[in-house]
1. Within region 81-96, can you find the residues that are modelled with pLDDT under 80 and assigned to a helix (DSSP H, G or I)?
2. Hey, among the residues in region 177-195 that are assigned to a helix (DSSP H, G or I) and either surrounded by fewer than 16 Cβ atoms within 10 Å (Cβ to Cβ) or under 27 Å from the mean Cα position of the chain (by Cα) (or both), which one's modelled with the lowest pLDDT?
3. Given the residues Leu106, Leu82, Leu113, Leu138, which is the only one that is among the aliphatic types (A, V, I, L, M), crowded, with 20+ Cβ neighbours inside 10 Å, in contact with a Phe, Trp or Tyr (Cβ under 9 Å, 6 or more places away or on another chain) and under 29 Å from Arg209 (Cα atoms)?
4. Val229 - would you say it is free of Cβ contacts under 8 Å to residues at least 60 places away in the same chain and part of a helix (DSSP H, G or I)?
5. What number goes with the only condition from (1) buried (at least 18 other Cβ atoms within 10 Å of the Cβ); (2) in a loop (DSSP other than H, G, I, E, B); (3) of a type in the set (S, T, N, Q) that Ser170 does not pass?
Amino acid sequence: MSTGILNPDTLLSILAGITVGGGAALLVASLVGMPRKERTGPSPARRLVDFARRRGAIAGIAALVVLAATRWPVAAIAAAALALFWDKLFGGAKEERAAMERVEGLAAWTESLRDTMAGAVGMEQAIQASMRAASPALRPHLATVIDRLRAKTSLPIALDLFAEDLNDGSADLVIIALKNNARQQGPGLRDVLSELAATARDEADMRRRIMAQRSGTRRSVKIVVTVCVAFPVGMALFNPSYVEAYQTVQGQGVLAVVLAFFAAGLAWLRNLSSVPTPARLLITAGGAR
């Protein structure tokens, strides 16, 4: 608009500056790199690059669409950030479902192991036999345990590695019971496994109820976010005089403050919707066992 300070040339200059600055930052990161260390997984720089590659195109398109519709650089940056972190804000259901399936599979595997060992079968043979009826969430990890046992790895060490692969506090309880029985060969393992299986099933039921309650909350939050994004964009398109104040630098500053409060509210809701996982009991320091 003629009365606004942010004309199209200024907007294009800001967008070009952001693009050039981001490209220069990525170039410096690729040239300098990170110090080489012994790592068990990808480096933080590698994870950042992978994340940007997966979500960068969507974030760029969202920013361009919002910028073209509103001519508000702050809104374009906010749209890009929302597209980048959409899974972080609203994608917790998938992780919770996977954790619930893992706990359910752990309960079924514990019962299968208990019944197999009741026939006077050794623990190593029982672990190998239990893989056939194991859930898909546990089967790859059990296959790794069996391969380690066939490679002459001792049973306590193989169980420790199994616990690290699962990385679950509920699984640690079962593995501790198995390790104690493997070392001491004492009675009562059947009763202990029965109690642990019942506990795991109770935990899975609790997680299922929590997921059912929070699915409606997540859906409501998505609706609120969609309306809050669509309303100002629609006003900028169909009634630009109503949002004319945001065309100025001062208006963009006020919009930035409003969006900051909005982002803080989303982060708070995300924190409330997350389910704390049970604390690990089998934790190794520096890989030592």
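1. Trp86, Asp87, Lys88, Leu89, Phe90, Gly92, Ala93, Lys94, Glu95, Glu96
2. Residues of region 177-195 assigned to a helix (DSSP H, G or I): 177-184, 189-195.
Next, only the ones that are either surrounded by fewer than 16 Cβ atoms within 10 Å (Cβ to Cβ) or under 27 Å from the mean Cα position of the chain (by Cα) (or both) stay: 180, 183-184, 190-191, 194-195.
Working: Asn180: 82, Arg183: 75, Gln184: 71, Arg190: 80, Asp191: 83, Ser194: 86, Glu195: 87.
Only one residue tops the list, namely Gln184.
3. Only one candidate qualifies: Leu138.
4. So Val229 does not fit the description; no.
5. Evaluating Ser170 over (1) buried (at least 18 other Cβ atoms within 10 Å of the Cβ); (2) in a loop (DSSP other than H, G, I, E, B); (3) of a type in the set (S, T, N, Q) leaves (2) as the failure.
Here is a yes/no grid of residues against (1) assigned by TED's automatic domain parsing to the domain that holds Glu195; (2) at pLDDT 75 or above:
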| residue | (1), (2) |
| --- | --- |
| Val49 | no, no |
| Arg53 | no, no |
| Leu67 | no, yes |
| Ala78 | no, yes |
| Glu101 | yes, yes |
| Thr110 | yes, yes |
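The values are calculated or read from the model by the stated rules, or taken from the named source; none is laboratory data. A quick note: this is a predicted structure, and the numbers were derived from the prediction, not measured. Note: ideal-geometry Cβ built from the backbone for every residue, glycine included; neighbour counts use all protein chains shown.
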